[in-house]
Amino acid sequence: MEVKHAEILWTRSVENSGTRYMNVLSYGDSKTYQHLLELDVYGDNMNISKEQCLNHVAQRLVTALRNKVKDWRSKGVTIGGRKEGSLKGSTILKLTYLYRKAIKDNVPNVQKNENYYICFVVQHFIDRLPN
């Protein structure tokens, strides 16, 4: 249904209002964006770009980290738990919060964003190493 509505919106945009929508804000695995590319609504010289909601990006990080903990637990390795420095639920949420903050604070500069987050993660785990 979302795909069909986007198709109607994009195909009517030029004739009804004289505008062209150049960005799609959608979830990571959305079929809408792929469908709009296949339609080639505005012709070959106009590209539609896909933007992702920051909340969805952060939620995918939470899910990926929780799945990692679960995978390692099934192999007999504990990386989650209550002890200091483990990847428990509260640590996952803190990492996700800081990841969102890094993206939000450094939106135009991707390299600065990556450096900020990598430095934080490394420092977070170095602080918890035994002396």
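Laid out as a table, the results:
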read-out	value
Amide hydrogen neighbours beyond the local backbone of V24, cut-off 5 Å, H modeled	S49, K50, E51
Amide proton proximity set for S86, modelled H, under 5 Å, gap of 5+	none
Which listed pairs, of K70/K94; K31/K70; K31/K75; K68/K101, have C-alpha distances above 26 Å, in listed order	K31/K70; K31/K75
Coil-residue GluC sites (Glu not before Pro) of segment 1-104, DSSP, other Cβ within 10 Å capped at 12	E84
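Coordinate-derived values only; no laboratory data. Just so it is clear, the model here is predicted, and its values are computed rather than measured. All Cβ positions, even for glycine, are placed from backbone atoms using ideal geometry, and neighbour counts span all protein chains on display.
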